Structure formats: C-alpha cells, structure tokens
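Asks: If you scroll down you'll find the structure; I have some questions about it.
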Amino acid sequence: MRKLGLLILITCLFKPGFSQDPNFSQFFVSPLTLNPALTGKFNGDFRVAGNYRDQWPEISKAFITSTISFDLPILRGKISDLDTWGVGVMAMTDKTANGILSGNFISVTTAYHKGIDEDGLQQIGIGFQGTFANKRLDGTKLNFLDELDQNGGWTVPSREEIDNRQVNTSYFDFSVGALYNGSTDGYNNFYLGASGYHLNRPKESFTGDVFYELSPRLTLNAGGAIPLEGNTRTVFISTMYSRQAGATNFVGGGAGGFMLNDDEEDPLNFYAGAWARFNNVSDALIPYVGLEFGGFRFGASYDVNISSLKTASQSRGGIEISLIYIKRPPGYKGIPCPRF
C-alpha cells in the first residue's frame, strides 16, 4: 500500500514533468538545447552560453532551469574551408516544486556542416548529442495527508517510506539533429532545423518496480535575418515547434536589431522584440530586450501569462536571462550563421 500511495503521489504531482522537457522562451540563444546540429555553428573561435529561467515563481517556485554550454569549431585548416566541424559540452539543472524534484544533465555534442555551393553560403549539417541524466526526488520536502494535525500543521510523523529519503534515478539519453543554413548575399541568413530527443526511449523510476518511459520529442526550428539600411538595422524572425507525448509547444516572433556604432568588427547592437507561445492553449506573451557588445550578448525576457493559469500565477509567467560570449579574432568575418 505504501508503494501504491507513493506511485499515485508521483503520478499526480510529477507526470507533467516526465512528459515534457525543460524549455526556454529564449530558445534562439540556447543553441545546444534547441538542436544538436547548432554545435559549432557560429562565427568565431569558441562560444560560451548561459541561460536562467524562473517559471511561475508565484506557484511555489514551480520550475527553475539553468544551463551553461561551451562549443567550438575544430580542425580548421585540415578540412575544407567551406565545412565546419563543431564539438561542445553542456550542463543543465532543473528544479521543480521548490526543489522537490530536481534533475542534473551533462551532455556531449558534435555536429558537422558541409558546404554545398562554391562560396559556402549554403550548408547542411547533422549533429549528435549524448546525455547523462540524474534525477532526485527529495522526500524530506514532501508533505503527506497523514502528517496533517488538527490545527492545520504538518506535525504528525508520516508512515510513508519516502518521507525522510532522497531517491535518485539515472539514465543515458541520445539525440540527433539536422540543420540547413543559407544566405543569398553573404549578409542575410535563413535556416531550418529538425531534432529528435530521447530516441533511445530511456526509462526512469523512483520506486524500483514501476518505470516511466521518456517519450521522444520532435523539435522544428526556423528563422532568418534580413539586414536593412546599410546593415545598420536588421530584422530577426525565429520560430520553434515541439511535440512530445501528445503535448505541443509553438513559440514564434521576432526582434529588431539596431547598430549603435559604426564598427562592424566590434558592433554595439541593441535588440527589442516579442514572441508568443502557444501549447494546448494560448500560454504567454514574451517581450524581449538585448544588448551586444565586445563579443557579449545579454538578453532578458519576461513571460506574461495569458492562459487560464494566470489567476494562480498572477500573470507572472517568469523571468529569463541569457548571456552569450563569442571569441572572434580581429577582422574575422565568416559566412552568415543562425543568430535568432
């Protein structure tokens, strides 16, 4: 009976977390969580990216997700100048319900991009990602019905086995992605990508006898950049669609980029725009601002919840922060790459 009660508790509280992966509103600046084929796909020597998201903070810190990644192109000068081979690593932590359920993930990723025209302005690529995942259910933070006293407090000792335990589960995950990237003049850019996650259908269990199979997730991403006014203004558009275990998620929108100086090698750019997210219902409006300087790009967005959950969340969908640094040698200008 105790295991049955625990199973019901986990199913009721955490099954949405099992069926859907962590995601970012600023998916366009979280390359290694969006598509493994984006590994090494940038102009520069190496890239460091960090993301932080606090979703629905009014609902007991429902979801807090953080990532940091590092990737770089390798074997330059030994493979064709029209090709790119990238490798990278990523760490992600995800905490649910104020840390009752937490997950830590370490990923190793690689991608190869092949130029398909004589100038290298059209490229196709494929990427692979392997992930070691560890999840922990902290029973010390759970409250059970049999702990409730006559005064409404949680003072009665629980008979549940997990009450004072931390239960861990681990698994290996495998993902693959593909990307087409193109340009017509060396300045504009358009791209289309597809990726599949949990292709090996890993299983996780907190009871030892009942296992949940992680459903594969399909993600499509597309976007483009259109320079205006002598390349001092740029319009960016990006979209992302994902489907996992019957749950769908679509995010689309765009931003304007404004060069505040006249230095193409070391630009000072300001970005402003908005995205909208739709899943099984209309979910959130997402205003975004960003600033790029000295190889750094900082971005901030805020989810304004517009779904039926807005009463509980007080329309506070959550804040998200991103920071990317790309090391570029002086005078370096490669082919246009996906930026938003």
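The values are calculated or read from the model by the stated rules, or taken from the named source; none is laboratory data. Fair warning: this is a prediction, and the values are worked out from it, not measured in the lab. Cβ atoms come from the backbone with ideal geometry, glycine included; neighbour counts cover every protein chain shown.
Asks: Kindly indicate which of 290, 256 is farther than 30 Å from residue 167 by Cβ, modelled with pLDDT of 95 or more and buried (at least 17 other Cβ atoms within 10 Å of the Cβ). It would help to see each step written out before you state the result.
Replies: On the way: 256 fails: buried (at least 17 other Cβ atoms within 10 Å of the Cβ).
So the residue among 290, 256 that is farther than 30 Å from residue 167 by Cβ, modelled with pLDDT of 95 or more and buried (at least 17 other Cβ atoms within 10 Å of the Cβ) is 290.
Asks: Oh, and also: Show the residue pairs meeting these rules: Cβ distance below 9 Å; 6+ apart or different chains; first residue within the stretch 182-193 and among the β-branched types (Val, Ile, Thr); second residue surrounded by 16 or more Cβ atoms within 10 Å (Cβ to Cβ).
Replies: Hits for this filter: 184/121; 184/190.
Asks: Are there any pairs, at least 6 apart or on different chains, whose C-beta atoms fall under 7 Å, with the first in the stretch 209-221 and surrounded by 15 or more Cβ atoms within 10 Å (Cβ to Cβ) and the second acidic (Asp, Glu), and if so, which?
Replies: Close Cβ pairs (under 7 Å, with a partner that is acidic (Asp, Glu)) amount to 212/204; 214/204; 217/21.
Asks: Conditions first: (1) surrounded by 17 or more Cβ atoms within 10 Å (Cβ to Cβ); (2) among the hydroxyl-bearing types (Ser, Thr, Tyr); (3) more than 16 Å from the chain's Cα centre (by Cα); (4) at pLDDT below 95. Residue 65 passes all but one, so which condition is the exception?
Replies: (3) is the only condition that residue 65 fails.
Asks: Kindly indicate the residue of the stretch 41-62 that is at negative phi, among the small types (Gly, Ala, Ser) and out of contact with any helix residue (DSSP H, G or I) (no Cβ under 8 Å at 6 or more places or on another chain) and also modelled with the lowest pLDDT among those meeting that condition.
Replies: 62
Asks: What single numbered condition from (1) at pLDDT 90 or above; (2) out of contact with any Ser or Thr (no Cβ under 6 Å at 6 or more places or on another chain); (3) surrounded by fewer than 18 Cβ atoms within 10 Å (Cβ to Cβ); (4) not in a loop (DSSP other than H, G, I, E, B) fails to hold for residue 181?
Replies: Looking at each condition in turn, residue 181 falls short on (3).
Asks: Return the residue satisfying two criteria in turn: it lies in the stretch 293-303 and is surrounded by fewer than 18 Cβ atoms within 10 Å (Cβ to Cβ) and either touching a Lys or Arg at 6+ places or on another chain (Cβ under 9 Å) or of a type in the set (S, T, N, Q) (or both), and of such residues it is modelled with the highest pLDDT. So that I can check it myself, show each step before the final result.
Replies: Taking the stretch 293-303 as the starting set, the residues that turn out to be surrounded by fewer than 18 Cβ atoms within 10 Å (Cβ to Cβ) are 293-296, 298, 300, 302.
After this cut, where a residue has to be either touching a Lys or Arg at 6+ places or on another chain (Cβ under 9 Å) or of a type in the set (S, T, N, Q) (or both) as well, the list is 295, 302.
Numbers: 295: 90, 302: 94.
Selected residue: 302.
Asks: Same structure, new question: Taking the residues in the stretch 246-280 that are out of contact with any Leu (no Cβ under 9 Å at 6 or more places or on another chain) and hydrophobic (A, V, I, L, M, F, W, C) as candidates, determine which candidate is farthest from residue 181 (Cα to Cα).
Replies: 247
Asks: On to the next question. Which is at pLDDT below 95 and more than 22 Å from residue 215 (Cβ to Cβ), of 75, 101, 38?
Replies: Checking each option against the conditions leaves just 75.
Asks: Looking only at the stretch 101-117, how many residues end up being among the hydrophobic types (A, V, I, L, M, F, W, C), farther than 14 Å from residue 36 by Cβ and surrounded by fewer than 18 Cβ atoms within 10 Å (Cβ to Cβ)?
Replies: Qualifying residue count for the region: 2.
Asks: Of all residues in the stretch 309-332, which are at pLDDT 70 or above and part of a loop (DSSP other than H, G, I, E, B)?
Replies: Start the filter on the stretch 309-332 by keeping residues that are at pLDDT 70 or above, which leaves 318-330.
328, 329, 330 - these are the residues of the stretch 309-332 that are at pLDDT 70 or above and part of a loop (DSSP other than H, G, I, E, B).
Asks: Looking at 243, 277, can you tell me which residue is in contact (Cβ under 8 Å) with a residue 12 or more places away in the chain and either surrounded by fewer than 17 Cβ atoms within 10 Å (Cβ to Cβ) or part of a loop (DSSP other than H, G, I, E, B) (or both)?
Replies: Unique residue meeting the criteria: 243.
Asks: Show the residue pairs meeting these rules: Cβ distance below 8 Å; 6+ apart or different chains; first residue within the stretch 283-296 and within 25 Å of residue 55 (Cα to Cα); second residue surrounded by fewer than 21 Cβ atoms within 10 Å (Cβ to Cβ) and among the β-branched types (Val, Ile, Thr).
Replies: Final answer for the pair search is 283/306; 284/304; 284/306; 285/304; 285/306; 286/304; 287/304.
Asks: Please specify each residue of the stretch 210-223 satisfying the condition of being in a strand (DSSP E or B) and either modelled with pLDDT under 95 or among the basic types (Lys, Arg) (or both).
Replies: 212, 213, 217
Asks: Hey, another quick one. Which one of these does residue 167 not meet: (1) exposed (fewer than 13 other Cβ atoms within 10 Å of the Cβ); (2) in a strand (DSSP E or B); (3) modelled with pLDDT under 85?
Replies: (1)
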